[in-house]
Amino acid sequence: MISERIEKPLASWQGKERYGNELLDCLTIIFKTAGCTWSKCRMCSYRHERYEKQSCDQLLDHLKAQLAWVKNEYKTGDYRMVKIFTSGSFFDPDEVPAAFLTDVALFFKGKLIIAETRPEFIDSDTIRSFIENVDDGSWKTPLYCAMGLETSNDTIREKCINKGFSYTDFTKAASKTK
């Protein structure tokens, strides 16, 4: 259910993205959330864009209000792809309540979704549930999880970027999304 209250996300814009041989109209949204539970990547400023400590219900209200803003600002027929970012990880249950995942999937039903998350939050049941709610048969693969590997070199990722996960963590998570 989308809120009657309106709250602007951190950012949103329409553009075009390549998908295979097609150039798709795309909506990109960066939702403000409870924030990244890792929150140590050296290059990321979104870790500073978070709500202060709140209850799950309060956070859910904020997120639903942001989705209401998106609904008011953009016509769903104007784009086929949606890229979803947060101030951390879209599939982190401490950052984005499960009820909001359902709201997002149902609102964007039939769209091609790319959602950013850290590898440790790739949970087969959560991903399966999201796909069941968003999929209407329009896409062979209706959901792609972007995990921000940044580099395949573990030393650079650990020492220079401080991502907090290894290449092995990334590949294990990627195998769960198939």
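The values are calculated or read from the model by the stated rules, or taken from the named source; none is laboratory data. Note that the structure is a prediction, hence the values are computed from the model and not measured. Here the Cβ is made from the backbone with ideal geometry for all residues, glycine too, and neighbour counts use every protein chain on show.
Pairs, please: C-beta under 7 Å, at least 6 apart or cross-chain, first residue of a type in the set (Lys, Arg) and in the range 135-157, second surrounded by 11 or more Cβ atoms within 10 Å (Cβ to Cβ) and modelled with pLDDT under 95?
Correct list of pairs: Arg157/Glu150; Arg157/Thr151; Arg157/Lys163.
In the range 9-49, what residues are under 24 Å from Ala99 (Cα atoms) and aliphatic (A, V, I, L, M)?
Matches in the range 9-49: Leu10, Ala11, Leu27, Ile29, Ile30, Ala34.
Test of understanding: among Ser138, Ser166, Ser129, Ser175, which residue is of a type outside the set (D, E, K, R) and under 22 Å from Asp25 (Cα atoms)? Walk me through how you get there before you give the answer.
Numbers: Ser166 fails: under 22 Å from Asp25 (Cα atoms); Ser129 fails: under 22 Å from Asp25 (Cα atoms); Ser175 fails: under 22 Å from Asp25 (Cα atoms).
Of Ser138, Ser166, Ser129, Ser175, the one residue that is of a type outside the set (D, E, K, R) and under 22 Å from Asp25 (Cα atoms) is Ser138.
Within the range 125-141, count every residue that is over 20 Å from Ala173 (Cα atoms) and either at pLDDT below 95 or crowded, with 16+ Cβ neighbours inside 10 Å (or both).
Count: 4.
Name the one entry in Ser45, Ser12, Ser55 that is polar (S, T, N, Q) and under 26 Å from Asp125 (Cβ atoms). Lay out the reasoning, then the answer.
Numbers: Ser45 fails: under 26 Å from Asp125 (Cβ atoms); Ser12 fails: under 26 Å from Asp125 (Cβ atoms).
Criteria check complete, one pass: Ser55.
From Leu106, Leu101, Leu149, grab the single residue that is more than 30 Å from Asp61 (Cα to Cα) and out of contact with any Pro (no Cβ under 7 Å at 6 or more places or on another chain).
On the way: Leu106 fails: more than 30 Å from Asp61 (Cα to Cα); Leu101 fails: more than 30 Å from Asp61 (Cα to Cα).
Of the residues listed, the single one that is more than 30 Å from Asp61 (Cα to Cα) and out of contact with any Pro (no Cβ under 7 Å at 6 or more places or on another chain) is Leu149.
Would you point out which residue out of Val104, Val70 is in a helix (DSSP H, G or I), surrounded by 15 or more Cβ atoms within 10 Å (Cβ to Cβ), without any contact (Cβ under 8 Å) to a residue 40 or more places away in the chain and β-branched (Val, Ile, Thr)?
Details: Val70 fails: without any contact (Cβ under 8 Å) to a residue 40 or more places away in the chain.
Checking each option against the conditions leaves just Val104.
Just to check your reading of the model, which residue among Glu22, Glu17 is in contact with a strand residue (DSSP E or B) (Cβ under 7 Å, 6 or more places away or on another chain), under 24 Å from Met147 (Cβ atoms) and of a type in the set (Asp, Glu)?
Numbers: Glu22 fails: in contact with a strand residue (DSSP E or B) (Cβ under 7 Å, 6 or more places away or on another chain).
Only one candidate qualifies: Glu17.
Taking into account only those residues within the range 38-57 that are surrounded by 13 or more Cβ atoms within 10 Å (Cβ to Cβ) and either in contact (Cβ under 8 Å) with a residue 60 or more places away in the chain or more than 19 Å from Arg157 (Cβ to Cβ) (or both), which is farthest from the chain's Cα centre (by Cα)? Give the steps one after another, and end with the answer.
Going residue by residue through the range 38-57, those that are surrounded by 13 or more Cβ atoms within 10 Å (Cβ to Cβ) are 38-39, 41, 44, 46-47, 49-51, 54, 56.
Those left that are additionally either in contact (Cβ under 8 Å) with a residue 60 or more places away in the chain or more than 19 Å from Arg157 (Cβ to Cβ) (or both): 38, 41, 49-51, 54, 56.
Values: Trp38: 15, Cys41: 17, Glu49: 15, Arg50: 15, Tyr51: 17, Gln54: 20, Cys56: 18 Å.
Within the range 38-57, the match that is farthest from the chain's Cα centre (by Cα) is Gln54.
Under 7 Å between Cβ atoms, which residue pairs at least 6 apart in sequence (or on different chains) link something in the range 8-20 that is free of Cβ contacts under 8 Å to residues at least 24 places away in the same chain with a partner that is of a type outside the set (Phe, Trp, Tyr)?
Final answer for the pair search is Ala11/Ile30; Trp13/Thr28; Gly15/Cys26; Gly15/Thr28; Lys16/Leu23; Lys16/Leu24; Lys16/Asp25; Lys16/Cys26.
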